[in-house]
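First comes the structure, then the notes that go with it.
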Amino acid sequence: MAITLAFDVYGTLIDTQGVTVLLKSMVGDKAEPFATLWREKQLEYSFRRGLMQNYEDFATCTRQSLEYTCMHHNVSLSESQKQLLMDSYSSLPAFQDVRQALEVLGHSGHRRLAFSNGTHKAVTTVLSNCGLINYFEEVVSVDDLKTFKPNPACYAYFLRSAGSTTDQTWLVSSNPFDVIGALSAGMRAAWVKRSKNALFDPWGIQPTLTVSNLLELVQHPDFSG
């Protein structure tokens, strides 16, 4: 039976640490901790805005978290440098396993949809720039709801958009908050543990499946048939 797969984009298909190369030219040895904090605050700001119902899109969260990270690291970047960093989000690289895995899943007859906190335009652009957009049936953006994952309304919206049901749908994400959100909404969920040091939140809720990359995912019996 064909499965509907909801692929998280940033951090799952697309490597958000891809900004590190550009950051090294701007902040030197601070590049890696800078990139890590920027990503952490980006997610935190989306959570806070979702809870407060004070919506601004994901790009705004990204820009404001960049400003915070500059203050935290006592780094002065020019407006042109900040814009370069923001623009880099549209050309982030895909992880090396992604293309092959998506091809295999397509050959197996499974439905592949992108599901993101990013706007439809931003997600379409980054997937197009790294050559992945044609693997997806649709891009589903929570921007349509003016909130962010893991709000349960986001997962219900995905199911409506895909015309799918919880028992036929898997979320695929490297973000534990996203996996827990999908599981709490009744979906199944695969956690892509892209770093051996990654931790899953100890909430007493476990992923349906844990893999280290998407090639492991396609080898699982639920997806390989």
Failed criterion for Pro93 (all others in (1) buried (at least 22 other Cβ atoms within 10 Å of the Cβ); (2) in contact with a Gly (Cβ under 8 Å, 6 or more places away or on another chain) hold): (1)
Identity of the residue in region 45-66, of a type in the set (D, E, K, R) and loosely packed, with under 14 Cβ neighbours inside 10 Å, that ends up nearest to Ser88 (Cα to Cα): Glu56
Residue in region 53-69 that is farther than 25 Å from Val139 by Cβ, touching a Phe, Trp or Tyr at 6+ places or on another chain (Cβ under 6 Å) and not hydrophobic (A, V, I, L, M, F, W, C) present: yes
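For region 9-24, enumerate the residues that are farther than 18 Å from Ser65 by Cβ and either at pLDDT 95 or above or open to solvent by less than 10 Å² (accessible area, probe 1.4 Å) (or both).
The initial filter retains those residues of region 9-24 that are farther than 18 Å from Ser65 by Cβ, namely 12-13, 21, 24.
If the condition is that a residue be farther than 18 Å from Ser65 by Cβ and either at pLDDT 95 or above or open to solvent by less than 10 Å² (accessible area, probe 1.4 Å) (or both), then Thr12, Leu13, Lys24 are the ones that fit.
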Output for region 186-218, where each listed residue is surrounded by fewer than 21 Cβ atoms within 10 Å (Cβ to Cβ) and small (Gly, Ala, Ser): Gly186, Ser195, Ala198, Gly204, Ser212
Residue match in region 70-84 (condition: at negative phi, within 20 Å of the chain's Cα centre (by Cα) and open to solvent by less than 70 Å² (accessible area, probe 1.4 Å)): no
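The values are calculated or read from the model by the stated rules, or taken from the named source; none is laboratory data. On a predicted model such as this, the values are computed, not experimentally measured, just so you know. Cβ coordinates were reconstructed from backbone atoms using ideal geometry, including for glycine residues, and neighbour counts include every protein chain displayed. Just so you know, the surface numbers come from the protein's heavy atoms only, side chains and all, with ligands and any DNA or RNA stripped out. Shrake-Rupley method; radii C 1.70, N 1.55, O 1.52, S 1.80 Å.
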